[in-house]
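Engineer: I have a structure here, written as structure tokens, and I will follow up with some questions on it.
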Amino acid sequence: MADKYKIIGPVYDFLSTIYSGRQIHKCKTAMNIDLKADDKILFAGVGHGRDAIDAAEKGAQVTVVDLSATMLKNVEKNLKDKNFKHPIRLVHSDILEFDEVGEYDQVVANFFLNVFPEDFMATVMKHLGTLVKADGHFVIGDFHYPTGNVLTKAFQNAYWYIAVGIFTIFAKNAFHKIYNYPQHLENMGFSIEKKQSFNVLLIPSLWSMKASRKQVTKPQQKDVA
Ligand SMILES: C[S@@+](CC[C@H](N)C(=O)[O-])C[C@H]1O[C@@H](n2cnc3c(N)ncnc32)[C@H](O)[C@@H]1O
């Protein structure tokens, strides 16, 4: 299996720090805050895994999946000399072949879904949804969908297109507009419980959201006299 992150993988976290200060890291760890010890959490397309390490430090049972051996090597490097209640489980796999259906309290897709063209992204999102327990959560951290006035939207788009341009060249990621993840989650039958934005140069440029399955309320039966 070709490793698309062979070139850019080793410097991935360095680039994200240059590009956002600590904002990308804050975005990726924001929804770890509600984790409880022993919760089962999955990080799909984990990259260097600092968000997964943050979850393991909270006592969660963490599984990480990535298709890139380069990225997983960087997770291993970051794990050196770290001890947790539950050791992090590393899985080298295409996420679509990872089928632990209904096993996870929280499934996290941080800056992962944006690597795919939109139709395929929706397929991956649906697959990730199946891995979430009935009462579990689906977390997405990514570039902020353009909102606000013309200047704000122009900045949000520019911030995204510079990043996607670099990753299209060096990792063959799909080149596309910013996805509306809340809309996709709603379409899949999830509702957003919590959303947090992260500013770059005072403009909301990244966001993290946590969603759970919509409660289906049964229609009330009327008593027939
Ligand atoms: C843009 S990086 C995001 C990394 C990390 N989640 C972060 O926020 O820094 C996308 C990651 O998804 C992984 N990836 C791409 N396609 C994948 C697939 N089909 N299955 C599993 N991982 C995949 C890449 O190897 C890469 O590590």
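No value in this document is a laboratory result; all are computed from the given coordinates. All values reported here derive from a predicted model rather than from experimental measurement. All Cβ positions, even for glycine, are placed from backbone atoms using ideal geometry, and neighbour counts span all protein chains on display.
Engineer: When the scattering of segment 9-213 is computed by the Debye formula from its Cα atoms alone, each counted once and equally, what is log10 I(q)/I(0) at q = 0.09, 0.12, 0.17, 0.19 Å⁻¹?
Structural biologist: -0.31, -0.57, -1.22, -1.56
Engineer: So, one more: Please give the length that would be gained between D3 and A158 if that part of the chain were fully extended, namely 0.36 nm times their separation in residues minus their C-alpha to C-alpha distance (nm, one decimal).
Structural biologist: Gain in length upon complete extension: 53.0 nm.
Engineer: If you don't mind, another one. Relative contact order of the chain: what whole-number percent is it, with Cα pairs under 8 angstrom and at least 6 residues apart?
Structural biologist: RCO, the chain: 20 percent.
Engineer: Separate question: Could you work out how far the C-alpha centroid of segment 19-56 sits from that of segment 81-110, in angstrom?
Structural biologist: Segment 19-56 and segment 81-110 have Cα centres spaced 12 Å from each other.
Engineer: Would you list, by chain and number, the aspartates and glutamates whose Cα falls below 17 Å from the Cα of K73, excluding same-chain residues fewer than 8 positions away?
Structural biologist: Result set, ordered by chain and number: D3, D13, D51, D81, D94.
Engineer: Using a Förster distance of 22 angstrom, determine the FRET efficiency expected from the C-beta separation of I169 and E118, and round it to 0.05. Present the calculation step by step, with values, prior to reporting the outcome.
Structural biologist: Numbers: r = 20 Å, r/R0 = 0.91.
The calculated FRET efficiency here is 0.65.
Engineer: So, one more: Starting with the fewest neighbours, write out K80, K73 ranked by other beta-carbon atoms found within 10 Å of each beta-carbon.
Structural biologist: The fewest-first ordering by Cβ neighbours comes to K80, K73.
Engineer: Related question: A174's amide H: which non-local residues (gap 5+, or another chain) put their own amide H closer than 5 Å, with H modeled 1.01 Å from N in plane and none for Pro or chain starts?
Structural biologist: Long-range HN contacts for A174: F116.
Engineer: Can you give the FRET efficiency to the nearest 0.05 for T217 and K36, using r as the Cβ-Cβ distance and R₀ = 45 Å?
Structural biologist: For R0 = 45 Å, the calculated efficiency reads 0.95.
Engineer: Tell me, what HN-Hα J-couplings in whole Hz come from the Karplus equation 6.51 cos²θ - 1.76 cosθ + 1.60 at θ = phi - 60° for each residue of segment 71-79, using x for Gly and Pro?
Structural biologist: Whole-Hz 3J(HN,Hα) from phi for segment 71-79: 5, 5, 4, 5, 4, 4, 4, 5, 7.
Engineer: Go through K4/K195; K28/K194; K58/K177; K40/K85; K133/K210; K80/K195 and tell me which ones have a Cα-Cα distance over 24 Å in this structure.
Structural biologist: Exceeds cut-off: K4/K195; K58/K177; K80/K195.
Engineer: Ok, one more. If you build a Gaussian network model of the chain, linking Cα atoms that sit under 10 Å apart, which residue out of L90, L185, L128 swings the most?
Structural biologist: Evaluated over the chain, the most mobile residue of the options is L90.
Engineer: Under a GNM of the chain (C-alpha, springs under 10 Å), which listed residue has the highest mean-square fluctuation: D99, D66, D54?
Structural biologist: D99
Engineer: Test of understanding: in a Gaussian network model of the chain with alpha carbons linked when under 10 Å, which of I53, I18, I166 would top the mean-square fluctuation ranking?
Structural biologist: Result: I18 has the largest fluctuation of those listed.
Engineer: Report the antiparallel proportion of the DSSP beta bridges in the chain as a percent, rounded to a multiple of 5.
Structural biologist: Just about 50 percent of them are antiparallel.
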